[in-house]
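I am attaching a structure below and will ask some questions about it afterwards.
The values are calculated or read from the model by the stated rules, or taken from the named source; none is laboratory data. What you are looking at is a predicted structure, and each value in this text was computed from that prediction instead of being measured. Every residue, glycine as well, gets a Cβ built from its backbone with ideal geometry; the counts of neighbours run over all protein chains shown. Calculation scope for accessible area: heavy atoms of the full protein, side chains included, ligands and nucleic acids excluded. Shrake-Rupley method; radii C 1.70, N 1.55, O 1.52, S 1.80 Å.
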Amino acid sequence: MSFEFFDVPREVEVKVQSVLDTLRPGSKIAVVDDSLDDMRRTSILLEDAEFVPVAIDPTFPTLQELLDNVAARADGLVCDHRLSHSATAPFTGAQVVAASNRRRVPAVLITGYADLDEQTSIRRYRSSIPCMLRKRFEPAEIESALARAHREQLIGPAPERVGYRTVVRVLRVDRIGAEPIVEVIVVAWDPVDAVILPADMITSCVGMTVDELPGKRFMARVNIHARSSEELFFENFEMAPDIPRSWLPTL
């Protein structure tokens, strides 16, 4: 098993390698999934990557209790996003993985990413999810994903995971069931392709109603070097300054 490094001083690289060695062949990796078939498949792939899988049922009454159990039994975590198909978990896999990474237990999210509901529910926690894999991944992919999650905790985010203050413009409001979502443009990332996110990610920060959002410009922390829209995260929304009148065309 090998790990890649970003350009860092040699003395830092040596120090980090010594810590990374704690996540090595034989390390225990928790597998959280409400599907026994998917749990078995993930466990087999982890074994192929020379890890030791530890199956953990997601039906804990609280997220904290689940994470305490993971931390006591494993060095890392792989978790499916939807945990309520065959179980009664009161949280999503995105919440589990984000909280685990904040606790410095490297965690990777597994998702089908099949519909808008799944995309938006993951977006809320994407800033704390360094790596996300689609189902039917290969052993080398899970090895690399766990290494990237661990590395971000130790030496900071990769360039595509660094957030910058930038303008976010709301195009329109839509709904997924009862939940309002917004389509936004992040010109610094892509001036054409819209990205969707839950509307309350904005309204909870700026004190506006959902109906007031279309056409408005906001500032937010966004990883504008993300390689795909799935990797984009949004944090800390605030109203953007008004455009100077001198910039507007005169009639």
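Taking the Cα centre of the range 145-192 as origin and charging only Cβ (+1 Lys, Arg; -1 Asp, Glu), how large is the dipole, in debye to the nearest 20?
Around 140 debye, computed over the range 145-192.
Which order do peptides 47-54, 187-194, 225-232 fall in by mean Cβ count within 10 Å, highest first?
Ranking the peptides 47-54, 187-194, 225-232 by packing returns 47-54, 225-232, 187-194.
For a test of the definition: using alpha carbon positions, the gyration tensor, and the 1.5 limit on a/c, classify the range 144-203 as rounded, prolate or oblate.
Here the range 144-203 falls in the prolate category.
Which value, in debye to the nearest 20, describes the size of the charge dipole of the chain about its Cα centre when Lys and Arg Cβ atoms bear +1, Asp and Glu Cβ atoms bear -1, and nothing else is charged?
My answer is approximately 620 debye.
With charges only on Cβ, +1 for K and R and -1 for D and E, what is the dipole size of the range 45-118 about its Cα centre, in debye, rounded to 20?
Dipole about the Cα centre, nearest 20: 340 debye.
Here is a follow-up. Go through (i) 46; (ii) 23; (iii) 30 and flag the label whose value is the computed percent of Cα pairs over 34 Å apart for this structure.
(ii)
What's the extension gain from GLU183 to ARG217 if we count 0.36 nm per residue and subtract their Cα-Cα distance?
Gain on stretching GLU183 to ARG217: 11.0 nm.
Is the C-alpha gyration tensor of the range 117-160 telling us rounded, prolate or oblate? Criteria: a/c under 1.5 is rounded; beyond that, a/b larger than b/c is prolate, otherwise oblate.
Taking the square roots of the gyration eigenvalues as a ≥ b ≥ c, the range 117-160 is oblate.
Same structure, new question: Starting from the Cα gyration tensor of the range 17-160, take the square roots of the eigenvalues, sort them a ≥ b ≥ c, and report rounded, prolate or oblate (rounded when a/c is under 1.5, otherwise prolate if a/b is larger than b/c, else oblate).
rounded
Rounded to the nearest percent, how much of the accessible area of the chain (1.4 Å probe, protein heavy atoms only) is carbon and sulfur?
50
So what's the back-of-envelope 222 nm ellipticity for the chain, counting only DSSP H runs of four-plus at -39500 (n - 2.57) apiece and dividing by all residues, rounded to 500?
Value at 222 nm, helices only, nearest 500: -9500 deg cm²/dmol.
I would also like to ask the following. Roughly what % antiparallel, to the nearest 5, for the DSSP beta bridges in the range 64-203?
65
Also, I was wondering about something else. Give the accessible surface of the range 67-202 per residue, rounded to a whole number of Å², with probe radius 1.4 Å and ligands, DNA and RNA excluded.
I get 41 Å² per residue for the range 67-202.
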